[in-house]
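Engineer: Please see the structure below; I have some questions.
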Amino acid sequence: MECQECKQNPATLHFAQVTNGEKREIHVCHQCAKEKGYVTHDDESYSLHNLLSGLFNFDPEKLHHSTHNKPAGNQMECKKCGMTYQEFAQIGKFGCASCYQTFSGHLNPIFRRVHSGNTTHDGKVPKRVGKDISARRKVKELKWKLQQLIAEEAFEDAAKIRDQIKEMERTLNQREEGED
Amino acid sequence: MGLEQFINEAISPWLKEDGPDSDIVMSSRIRLARNFEKSPFPLIANQEHLDGILYFLEKEFNHRSYANYEQLEFVRMADLKPTEKQVLVEKHLISPHLADKSTYGAALISKNEQVSIMINEEDHIRMQLYFPGFQLEKALEEAFQIDDWLEEKIDYAFDEERGYLTSCPTNVGTGLRASVMMHLPALAMTRKLNRMIPAINQLGLVVRGIYGEGSEALGNIFQISNQVTLGRSEQDIIEDLTSVVEKLIEQERHARTLLRQQSELELEDRIFRSYGILEHSRIIESKETAKCLSDVRLGIDLGYIHHISKSILNELMVLTQPAFLQQYARRMLTPHERDVFRASLIRERFTLEQREEL
């Protein structure tokens, strides 16, 4: 059987497409199948990527149904490395550390499947970067305390806390600038 | 070069030592995946980024030592010949991915070959640490120290919620892949292992053959490793793996005892046939080699064979792989030539044993 698209090569891909309840048989060669978008992968081997991307493709739609006002996941693009959600879903790999932030709304279902239901890290924290993390946590805590003290009109204590926050934020900012 | 010297150079020094439970556990490995915070991951990074990482790591770590891991040597993939890369793969010092796909790949390898830090593979950094026998806890402890040492110079991509950020979602969190290589001939022979695998999988652990393609486990050598990296601490992951490995050791020992009780003569026959093949064959494929080596090793462990060193299985599994054979032959070999060369290398190796005996 010849390919129904190019009418040159032998058809190697045979499948049925159902559109609006109407069944249509399709016989195409590999080349045309790729061009027409019937298949997305050049690599036909069954790999972890294929398996994963299967999971990914499943997720945006599910999310789209549950949150109607959000844009579809595949229109998102990482500002830092330019990877789109669609590319991520296709190759199953992140482009850079920032992708985790960009696609964060869509990651929990994926992580849950891959990591036995887990979505949050529990384990080693790097020494240097980790120091900032605990400092930032502390600043957050202090800010909350400051609000409380102000509400209680304990202005003297509030001033002390305010100075402490300022000092901590200054060192944090300095460290960040020093890294650039 | 004589075979003795070739083996000395070919076998990683750490592999020559005996570790705990080394009659069953051949080695323990810890792998940690890490990335630079500010650079795109190798998959999409441009040459400038990847060169920058190579330059930085070479400058900071080439020829440095940490504790027992002396003289890290910085090796660029671009500077190696295909067989040289393949030899590193066969020694498990680098991955096939780094050898074949990573144009800007490199590795920092310690002199004793216990530590290998792969650079610009799927992640910017993948450090692996090997220990002989069953020593997961110790391996993790020391891998953490090396990790801290690297972190003194590197800003890791780390997120409070997600942990260490990796290119593939399957590694995020701890970035840890802990694995042990086990010789399980009795469990394989009695088909008990197949029945145990589903239960092991349920704990988030994976069992696979380490030599050979797909699910086939050449030489009855299996790798057990963790799959889950997010939401569990490194210690918990190691604990789970350890308890499964302990169970497997117990079961393997039990199966060996049973085999001996129920079919001693058949077992002995099988072992000595394999011994005969290795010692006398003129043409041998890798599959048959692996089977015979596994039998002979079992024969040594069970006390049927006395005058051969235990390390022969580990050693010959490495040495009879294609790239090593070609390196020893100092030329390219066709598959048939490889089988001839493999047989002659094995015969020579057995002769060495007899000489040591005298």
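Engineer: Keeping to segment A:130-154, report how many residues are free of Cβ contacts under 8 Å to residues at least 12 places away in the same chain and either more than 9 Å from chain B (Cβ to nearest Cβ) or under 22 Å from the mean Cα position of the chain (by Cα) (or both).
Structural biologist: 13
Engineer: Do any residues in segment B:196-212 that are free of Cβ contacts under 8 Å to residues at least 60 places away in the same chain have Cβ atoms under 6 Å from those of residues that are part of a loop (DSSP other than H, G, I, E, B), where the two are at least six apart or on different chains, and which pairs are they?
Structural biologist: The qualifying pairs are B:G204/A:S116; B:G204/B:Q227; B:G204/B:V228; B:V206/B:Q227; B:G209/B:E216; B:G209/B:A217.
Engineer: Assuming B:V89 fulfils every condition listed in (1) in contact with a Pro (Cβ under 9 Å, 6 or more places away or on another chain); (2) open to solvent by 50 Å² or more (accessible area, probe 1.4 Å); (3) away from chain A (no Cβ under 13 Å) apart from one, which condition is it?
Structural biologist: Condition (2) is where B:V89 drops out.
Engineer: Got a number for residues in segment B:150-169 being open to solvent by 10 Å² or more (accessible area, probe 1.4 Å), in contact with a Lys or Arg (Cβ under 9 Å, 6 or more places away or on another chain) and under 15 Å from B:L72 (Cβ atoms)?
Structural biologist: Number satisfying all stated conditions: 1.
Engineer: A further question on this structure: Can you name the residue in segment A:74-99 that is of a type in the set (F, W, Y) and closer than 14 Å to B:I44 by Cβ and, of all such residues, is farthest from the other protein chains (Cβ to nearest Cβ)?
Structural biologist: At the first step, the residues of segment A:74-99 found to be of a type in the set (F, W, Y) are A:85, A:88, A:94.
So of that shortlist, the ones also closer than 14 Å to B:I44 by Cβ come out as A:88, A:94.
Working: A:F88: 9, A:F94: 6 Å.
Only one residue fits best here, namely A:F88.
Table: residues versus (1) within 14 Å of chain A (Cβ to nearest Cβ); (2) farther than 27 Å from B:D295 by Cα; (3) not β-branched (V, I, T).
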residue: B:S167; (1), (2), (3): yes, yes, yes
residue: B:L176; (1), (2), (3): yes, yes, yes
residue: B:L187; (1), (2), (3): no, no, yes
residue: B:R191; (1), (2), (3): no, no, yes
residue: B:I197; (1), (2), (3): no, no, no
residue: B:Q202; (1), (2), (3): yes, yes, yes
residue: B:V207; (1), (2), (3): no, no, no
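Engineer: Just the residues that are out of contact with any Lys or Arg (no Cβ under 9 Å at 6 or more places or on another chain) and open to solvent by 30 Å² or more (accessible area, probe 1.4 Å), please, taken from segment A:129-149.
Structural biologist: A:S134, A:R136, A:R137, A:K138, A:K140, A:E141, A:K143, A:W144, A:K145, A:Q147, A:Q148
Engineer: Return yes or no: is B:E48 within 14 Å of chain A (Cβ to nearest Cβ) and either of a type outside the set (A, V, I, L, M, F, W, C) or within 30 Å of B:R330 (Cα to Cα) (or both)?
Structural biologist: Criteria met by B:E48.
Engineer: Same structure again: Name the residue that is surrounded by the most Cβ atoms within 10 Å (Cβ to Cβ), counting only residues in segment B:220-234 that are under 12 Å from B:A178 (Cβ atoms) and either in contact (Cβ under 8 Å) with a residue 60 or more places away in the chain or β-branched (V, I, T) (or both).
Structural biologist: B:T229
Every residue, every condition in (1) outside any strand (DSSP E or B); (2) within 21 Å of the chain's Cα centre (by Cα); (3) modelled with pLDDT of 95 or more; (4) within 14 Å of another protein chain (Cβ to nearest Cβ), yes or no:
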residue	(1), (2), (3), (4)
B:H97	yes, yes, no, yes
B:S116	no, yes, yes, no
B:L129	no, yes, yes, no
B:L140	yes, yes, yes, yes
B:F144	yes, yes, yes, yes
B:E161	yes, no, no, yes
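Engineer: What pairs come up if the first residue lies in segment B:310-337 and is at pLDDT below 90, the second is part of a loop (DSSP other than H, G, I, E, B) and among the small types (G, A, S), and their beta carbons are under 8 Å apart, counting only those six or more places apart or on different chains?
Structural biologist: From segment B:310-337, the pairs are B:K310/B:S22.
Engineer: Further question: Please verify whether B:I237 is crowded, with 22+ Cβ neighbours inside 10 Å, among the β-branched types (V, I, T) and not in a loop (DSSP other than H, G, I, E, B), treating the condition exactly as stated.
Structural biologist: Criteria met by B:I237.
Engineer: May I pose another question? Going residue by residue through segment B:57-77, is there one that turns out to be among the basic types (K, R), under 24 Å from the mean Cα position of the chain (by Cα) and closer than 23 Å to B:I221 by Cβ?
Structural biologist: no
Engineer: Of all residues in segment B:184-205, count the ones that are out of contact with any Phe, Trp or Tyr (no Cβ under 8 Å at 6 or more places or on another chain), at negative phi, open to solvent by less than 40 Å² (accessible area, probe 1.4 Å) and not in a helix (DSSP H, G or I).
Structural biologist: Total satisfying the criteria: 1.
Engineer: Say we look at segment A:100-121 and pick out the residues that are part of a loop (DSSP other than H, G, I, E, B) and at the interface with chain B (Cβ under 8 Å from one of its Cβ atoms); which of these is least open to solvent (accessible area, probe 1.4 Å)?
Structural biologist: Taking segment A:100-121 first, the residues part of a loop (DSSP other than H, G, I, E, B) are A:103, A:115-121.
Next cut, at the interface with chain B (Cβ under 8 Å from one of its Cβ atoms) only: A:115-121.
Working: A:H115: 0, A:S116: 85, A:G117: 43, A:N118: 42, A:T119: 26, A:T120: 67, A:H121: 26 Å².
Per the criteria, the residue is A:H115.
Condition check ((1) of a type in the set (A, V, I, L, M); (2) outside any helix (DSSP H, G or I); (3) in contact with a helix residue (DSSP H, G or I) (Cβ under 8 Å, 6 or more places away or on another chain); (4) within 20 Å of B:L345 (Cβ to Cβ)) across all residues:
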| residue | (1), (2), (3), (4) |
| --- | --- |
| B:L265 | yes, no, no, no |
| B:D269 | no, no, no, no |
| B:R282 | no, yes, yes, yes |
| B:A290 | yes, no, yes, yes |
| B:I305 | yes, yes, yes, yes |
| B:I308 | yes, yes, yes, yes |
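Engineer: Would you be able to say whether some residue in segment B:66-82 is crowded, with 16+ Cβ neighbours inside 10 Å and part of a helix (DSSP H, G or I)?
Structural biologist: yes
The values are calculated or read from the model by the stated rules, or taken from the named source; none is laboratory data. Keep in mind the model is a prediction, meaning the values are calculated, not measured. Quick reminder, even Gly has a Cβ in these numbers, built from the backbone with ideal geometry, and neighbours come from all protein chains shown. Note: areas computed on protein heavy atoms with side chains; ligands, DNA, RNA excluded. Shrake-Rupley method; radii C 1.70, N 1.55, O 1.52, S 1.80 Å.
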